[in-house]
Structure formats: structure tokens, C-alpha cells
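J.: My structure is below; once you've seen it, I'll send some questions.
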Amino acid sequence: MAQVLCQLPKADRDENLLVGIETSDDAAVYKLDEDRAMIQTVDFFTPVVDDPYTYGQIAATNSLSDVYAMGGEPALAMNIICFPSCLSPDVMAEILKGGHDKIREAGAILIGGHTVEDDEPKYGLCATGFVHPKDVLPNSTAKVGDVLVITKPVGVGIVNTAIKAQFAEEDVYNEAVKNMVTLNKFAKDAMMKVGANSCTDVTGFGLLGHSLEMAEGSGVTIKLNAGSIPILRGAEEFAKMGLVPEGTYANERFIGDKVEFKADIERHTKDILFDPQTSGGLLISLDRDKVESLLAELEGSETAYAVVGEVVEKSEKVIIVE
């Protein structure tokens, strides 16, 4: 998408547009007045699980995540659904129920949407949220000396591939679903309470891709500690078996030359770090002296979290994995 957007004519800059497309951020942010800024985002995708209600929950959670990543609270949501005529309308109803329940859990209001006929189901949301203009957290404001914290494990794309191939046990499936349907609200509240410098949510571009966007936007290099990164149950085993989605290799082709891996990083670990995530966690950059406070606020989280790296002076490689 970034490759396409960069070919478009640059729009006239509006002084109230606080975050646009220049840094491949999670959402746009437009200042309404001195106390309010509007966050606008849209996201949808094809099913990652067979159960339509669960699929609806995951897709809605993923869409709302962009609002949380900018430091805001979702307020309004509209459904976007593509649906084949060969499936029962009851299936669509279950998808929409799943989405509606997550919208309500987020404290937002469903205000309508749009449906088109398509050969494969696709579902997501156009979501609107609000944040104080001074509290906006773009992905381009990480500072040298910052520490990086992630709020969900990675590897969900690999696990989803194993689920589709019927290699995943029930407990592995349940843990993957639990992570995908967990709103990033708890993590957002924690980082806003302690004060973060920058944030992005980890989705289709993988941990390395979204780290790269943060690093390039901020003019820094990011160092990641591979051994500290939480990994979803089953992901390492499946990666070693070669159950890796095509998107993993697409991500590697796109950004691999900007990443430096230390010699002892194994192939399956690289695959997990390039792995496209569905409804992943937040990657938070914050001052080193605030890290303990953030970790304390994250206690009780429904998902795994960890310190995973640091921000250093810009060097030849944008991302270094040790």
C-alpha cells in the first residue's frame, strides 16, 4: 500500500491534519478544536477462522486497534462486508454479531455500513475515535534511548496457517483466538497513563515491518532482542515445519535488505519476526525511566507482554535483531 500511495500527487497540507499518510501511520488524525482530534481508520480482511462469529470478533478487534495505537478511544464504527450469494445470510448475521459485540465492548457505537457481493467473505470496520491533540501517539516520534515494549505475542499468521492445515491442537487454536479477539484498550490505557513517546500496532507488516516504519519515521535505528519477544504457543514448531504464510516471505522481500540479523538467529525465528499478524498488540516506545511503571500497569493483561528492544542512533541498517 505504501508503494502505491507514494505515487499519488501530494495533497495540499491542512494545518489541522496532525497525522497523514507520510509515515505509513496506523490512522489519520484531524484536529477539530483545541481539545479534540478525530482519528479515522479503515481495515478489513478475509476469514482467518471458520467460525463466522469469531471471525467477526477478530476483524472488528483488528480494525479498532488502529484507534488505540494512536492513543485514542473508538467512538463510531461502520461495517464493511463483502459476501458471496452462495452462502446463507445467517453466516453474514453471525459475522456482524461478532463485530457488533466487540464494538460494544470498546464503548463505541455501530452506525451502519456497506455491503457488496463478492466471491469470498471480507469484513472489517471504518472506525472513528477521538483523542486530545496533545496526546496523539504517531509511529514517527520514537526517541534515541527509548525502550520498546510489545503487548501481544507474535506468530499468529503461522499459527493460523497451521490451523487451516489442521495441524493445530485445540489449545493452540484457543490461545490464538484469545489473542486476536483481545482489544488493545487495556494496553492503550496503560501506555497513556505512564506516557509513551510513540506507538504502532503490529499487524500485516509483521513485527519487523512495523518496527521499520517506526524507525524510518523517527529517523532512528531499532534494536530487537529476539530472545525477549513473546511468541504464540505452537508458532516455533510450525515455523520449523515450514507452515509459514506467503505474506511472511512478501514482507521479507520488501524490507529484508534493511534488517541485520546476528549470525546465530535461526531461520524459523526470522520467519516469526517477518510473519504478518492479525489483530496484533501494540509496540510502544517510551523513556527508559518509565518502563517499570508501564510493566506494572500491564500486570493483569490477558495477553503476554515484554520489553523487546531499544531505540538507538541511526545506522546503516534500520533494524538490528540480536
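Quick note: the coordinates plus some simple rules give every number you see, no bench work behind them. Computed from a prediction, not measured in an experiment: that's the story for all the values here. As a convention, Cβ positions derive from the backbone with ideal geometry for all residues, glycine included, and neighbour counts pool all protein chains shown.
J.: Report the calculated FRET efficiency for Met241 and Glu105 (r = Cβ-Cβ distance, R0 = 30 Å), to the nearest 0.05.
T.: Details: r = 35 Å, r/R0 = 1.17.
Efficiency, from the Cβ-Cβ distance: 0.30.
J.: Now, a different point. Considering only DSSP beta bridges with both partners in the chain, what is the antiparallel share in %, to the nearest 5?
T.: Values: 40 of 54 bridges.
Of those bridges, close to 75 percent are antiparallel.
J.: Moving to a separate point now. Once the piece of chain linking Asp50 and Asp33 is laid out straight, how much longer is it, given 0.36 nm per residue of separation minus the C-alpha distance between them?
T.: Values: separation 17, 0.36 × 17 = 6.12 nm, distance 4.40 nm.
Full extension of this stretch gives 1.7 nm more.
J.: Could you compute the net charge surrounding Glu175? Neighbours are other residues with a C-beta less than 14 Å from the C-beta of Glu175; K and R count +1, D and E count -1. Intermediate results must be reported in sequence, preceding the final value.
T.: Numbers: positive: Lys152, Lys178, Arg233; negative: Glu169, Glu170, Asp171, Glu236, Glu237, Glu302.
Residues close to Glu175 contribute a combined charge of -3.
J.: Could you please report the charge total around Phe238, scoring K, R as +1 and D, E as -1 over all other residues with beta-carbon less than 12 angstrom from its beta-carbon? Mind dumping the intermediate values first?
T.: Working: positive: Lys164, Arg233, Lys240; negative: Glu169, Glu236, Glu237, Asp271, Asp275.
Counting the neighbours of Phe238, the net charge comes to -2.
J.: If you don't mind, another one. Using only helices, what value at 222 nm comes out for the chain when you add -39,500 (n - 2.57) per DSSP H run of length 4 or more and divide by the total residues, to the nearest 500 deg cm²/dmol?
T.: On the way: 11 runs with 115 residues, N = 322.
Result for the chain, helices only: -10500 deg cm²/dmol.
J.: Over the chain, what is the relative contact order in whole percent, taking alpha-carbon pairs under 8 Å and six or more residues apart? Write out the running numbers ahead of the final one.
T.: Details: 734 pairs, mean separation 75.8, N = 322.
Reported relative contact order: 24 percent.
J.: Compute the distribution of all C-alpha to C-alpha distances in region 147-321, in bins of 10 Å from 0, and list the percent of pairs in each, rounded to whole numbers.
T.: Spelled out bin by bin, region 147-321 gives 11, 40, 35, 13, 1 percent.
J.: Please tell me which of these pairs span more than 27 angstrom C-alpha to C-alpha: Lys164/Lys185; Lys143/Lys193; Lys223/Lys290?
T.: Details: Lys164/Lys185 29 Å; Lys143/Lys193 19 Å; Lys223/Lys290 19 Å.
Among Lys164/Lys185; Lys143/Lys193; Lys223/Lys290, the Cα-Cα distance tops 27 Å for Lys164/Lys185.
J.: Right, here's the next one. Tell me, how many Å apart are the Cα centres for region 50-109 and for region 212-288?
T.: Centre-to-centre (Cα) distance: 27 Å.
J.: Something else about it: If I take R0 = 45 Å and measure r between the Cβ atoms of Arg253 and Asn16 in this structure, what FRET efficiency does the formula 1/(1 + (r/R0)^6) give, to the nearest 0.05?
T.: Working: r = 37 Å, r/R0 = 0.83.
With R0 = 45 Å, the Cβ-Cβ based efficiency is 0.75.
J.: Taking a ≥ b ≥ c as the square roots of the eigenvalues of the Cα gyration tensor of region 253-322, is the shape rounded (a/c under 1.5), prolate (a/b larger than b/c) or oblate? Intermediate values should be presented prior to the final figure.
T.: Values: a/c = 2.28, a/b = 1.46, b/c = 1.56.
Verdict is oblate for region 253-322.
J.: While we're here: Write down the percent of antiparallel bridges among all DSSP beta bridges whose residues are both part of region 147-321, to the nearest 5.
T.: On the way: 16 of 23 bridges.
Percentage antiparallel, nearest 5: 70.
J.: Region 136-221: which GluC sites (Glu not before Pro) are DSSP loop and have at most 14 other beta-carbon atoms within 10 angstrom? Present the calculation step by step, with values, prior to reporting the outcome.
T.: Numbers: sites: Glu169, Glu170, Glu175, Glu213, Glu216; in loops: Glu169.
Answer in residue order: Glu169.
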